[in-house]
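Quick notes on the structure that follows.
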Amino acid sequence: MRSGAARNAALLRASAPFVAFLDDDDVWLPGHIRPHLRRLEAEPGLGIVFGQVITTSPELEPVYGPWPAELPADGAALLRRMLSGYFPQVGATVVRRSLVDSVGLFDEALLGDQDWDWQIRAVRRHGAAFVAVPGVHFRQRPAGTFDSLIARRIRFTRLVFRRHAPALGVSRLQALRLYFATVQGYYDAFLDGAQAHAARGDRRAAAGALLSAFRLMPHRAVKDAIRPTHLRAALVAVAQASRPLAAAGPGTR
């Protein structure tokens, strides 16, 4: 909630025509925002410009990316992309200050996904563009250290999805498929967490992460449990972590 309040305070005080964001887990690369500004200055109809991100370790070692490789130019297609798993990193986003007049401020009642909700609102009301230039290093927490944070965030992801999905005009079945695509990253993070906990010998935390994955996407989890998948690997890791403790007998920690 504090991040939304800080962004709102900055937006209300901003006097420049363009605004760029910087979160505490983002590190701007040299030259960042310049391609965004060129697009915004050349195309008055644009309201928001997204850029590419490189996911890194906490030590800023590149892990994945740059992403996304591309984004649809069509607004409806971009909205669908954003409601099927694309969460634009706000540090790689530059907007016109005037968007506040029509889009409003960040929703401080959301304890998660405030930036996703605000960017979706911007795309629904204004022209959007994409520059295929890596501009931000996005630091990730180690697997297994933020399970509870993910669990809290899912509630707000679901709320934001329900808020905007009707604008797509799709069937309930299609909307459900898009929702599961949206939370796929959480599912994978829980499985990564289960494996990390198992590697440390923490059976309880590993089992909890697995249970969270099953609760989030039960239909997917059941299928994945019987195939050579990410979830199957997590199950095997948890089982192997349990064996030494079981063999040691009662009373052993």
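General remarks:
- Conditions (1) surrounded by 14 or more Cβ atoms within 10 Å (Cβ to Cβ); (2) free of Cβ contacts under 8 Å to residues at least 24 places away in the same chain: number failed by residue 64: (1)
- Filter result for the condition that a residue is of a type in the set (A, V, I, L, M, F, W, C), assigned to a loop (DSSP other than H, G, I, E, B) and either more than 25 Å from residue 118 (Cβ to Cβ) or without any contact (Cβ under 8 Å) to a residue 40 or more places away in the chain (or both), over 143, 207, 196, 175: 143
- Which listed residue is buried (at least 20 other Cβ atoms within 10 Å of the Cβ), out of contact with any Asp or Glu (no Cβ under 6 Å at 6 or more places or on another chain) and under 29 Å from residue 40 (Cβ atoms), from 101, 113, 117: 113
- The residues of the stretch 141-158 that are in contact with a Gly (Cβ under 9 Å, 6 or more places away or on another chain) and under 21 Å from residue 178 (Cβ atoms), listed by number, are 150, 153, 154, 155, 156, 157.
- Selection of strands (runs of 3 or more DSSP E) fully inside the stretch 1-98 by the criterion of at least 2 residues being of a type in the set (Ser, Thr, Tyr) and closer than 21 Å to residue 140 by Cβ returns 46-56.
- Across the stretch 16-58, the number of residues qualifying as over 21 Å from residue 75 (Cα atoms) and without any contact (Cβ under 8 Å) to a residue 12 or more places away in the chain comes to 3.
- Residue in the stretch 33-45 that is crowded, with 17+ Cβ neighbours inside 10 Å and either of a type in the set (Val, Ile, Thr) or at pLDDT below 95 (or both) present: yes
- Among the residues of the stretch 196-211, those identified as crowded, with 23+ Cβ neighbours inside 10 Å and closer than 16 Å to residue 145 by Cβ are 197, 198, 206, 209.
- Filtering the stretch 125-140 to residues that are part of a strand (DSSP E or B) and either within 16 Å of the chain's Cα centre (by Cα) or polar (S, T, N, Q) (or both) leaves 136, 137, 138, 139.
- From 51, 85, 75, residue being more than 23 Å from residue 16 (Cβ to Cβ) and either of a type in the set (Asp, Glu) or within 19 Å of the chain's Cα centre (by Cα) (or both): 85
- Among the residues of the stretch 1-50, those that are farther than 19 Å from residue 101 by Cβ and among the aliphatic types (A, V, I, L, M) comprise 1, 5, 6, 22, 27, 29, 33, 37, 42.
- Extreme residue, surrounded by the fewest Cβ atoms within 10 Å (Cβ to Cβ), among residues of the stretch 212-243 that are in contact (Cβ under 8 Å) with a residue 24 or more places away in the chain and over 25 Å from the mean Cα position of the chain (by Cα): 240
- Checking every residue in the stretch 211-219 against the condition of being among the hydroxyl-bearing types (Ser, Thr, Tyr) and at pLDDT 90 or above gives at least one match.
The values are calculated or read from the model by the stated rules, or taken from the named source; none is laboratory data. Only a predicted model underlies this, so the values are computations on that prediction, with no experimental measurement involved. Heads up, the Cβs are rebuilt from the backbone with ideal geometry, glycines too, and the neighbour counts pull from every protein chain shown.
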